[in-house]
1. List Arg45, Arg188 from most exposed to least, where exposure is judged by having the fewest other Cβ atoms within 10 Å.
2. I'd like to compare 174-183, 63-72: which one has the highest average count of other Cβ atoms within 10 Å, and what's the full order after that?
3. Starting with the fewest neighbours, write out Phe94, Phe169, Phe127 ranked by other beta-carbon atoms found within 10 Å of each beta-carbon.
4. Can you grab the distance from the C-alpha centre of the stretch 91-167 to the C-alpha centre of the stretch 29-81, Å, no decimals?
5. In what sequence do Val108, Val117 fall when counting other Cβ within 10 Å, fewest first?
6. Considering the convex hull of the alpha carbon atoms of the stretch 87-209, report its projected area averaged over all viewing directions, in nm², one decimal.
7. Once you have the Cα-Cα distance between Ala138 and Trp115, take 0.36 nm times their residue separation minus that, and quote the gain in nm to one decimal.
8. Which far-off residues, 5 or more places away or on another chain, put their amide H under 5 Å from the one on Thr30, with H placed in the peptide plane?
Amino acid sequence: MADLVLYTNPQSRGRIAHWMMEELGEPYDTVWLDYGSTMKAPQYRAINPMGKVPALRHAAVVVTEAAAICAYLADAFPHRDLLPQTPAERAAYFRWLFFAAGPVEQAVVARALGWTVPEGRSAMVGFGSYADTVDALATGLGDGPFVCGQRFTAADVYVGSSVIWGLQFGTLERRPQFEAYAQRLATRPAYLRSVQINESRLTSGAAEG
């Protein structure tokens, strides 16, 4: 078994980590888990007590949460050139990676569930309002083409997944800036490979069922 093992499901946020694995280019194994069965089994809860995916095992350590997996892998394999290099790039990298994992995730999910912040309570939630979050994300992308400017980094895997997913499922409002960013990322060979791997798993799973 490889030192890197990804635990995932093809219909989950595990696709973010899968894209990161393909960008990384290191040997890895994939363990496919099913909702409600293997994902909640004691063996997997020993890896992630939440019983959720994705999770990454790297030799003797475990990392969960898609954003953390992206950041960890970029740091653990610096020769793959997925880290920011300058102080300005590092600032943008950490700022927008955590912004996407926090306010963007919260705002998009809240909107999808039809939940709105009660009047006068926006200060209590990290995203404030959906509109403010989307405006801030657009500002973060700036003139691009990537989160850190001219260089693709691990932050683009997570932020890009949020944008691609949001546009695909209608949870993120369409703006030319978001669409152009998503189109740039969706042509990357590593992204296309990760999509093919997950779609093939869905097809084979349906056939086996």
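1. Working: Arg45 13, Arg188 17.
Ranked by crowding around the Cβ, least crowded first: Arg45, Arg188.
2. Details: 174-183: 15.3, 63-72: 22.2.
So the order, starting with the most tightly packed, is 63-72, 174-183.
3. Working: Phe94 13, Phe169 10, Phe127 23.
Ranking Phe94, Phe169, Phe127 by Cβ neighbours within 10 Å, fewest first, gives Phe169, Phe94, Phe127.
4. Value for the Cα centre distance between the two parts: 23 Å.
5. Values: Val108 22, Val117 16.
In order of increasing Cβ crowding within 10 Å: Val117, Val108.
6. Details: hull surface 36.7 nm².
Computed as one quarter of the Cα hull surface, the answer is 9.2 nm².
7. Values: separation 23, 0.36 × 23 = 8.28 nm, distance 2.25 nm.
Full-extension gain reported as 6.0 nm.
8. Answer set, sorted by chain and number: Leu6.
Here, each number is a calculation from the coordinates, and none is a lab measurement. Computed from a predicted structure; not experimentally measured. Glycine gets a Cβ as well: all are built from the backbone with ideal geometry, and neighbour counts include every protein chain shown.
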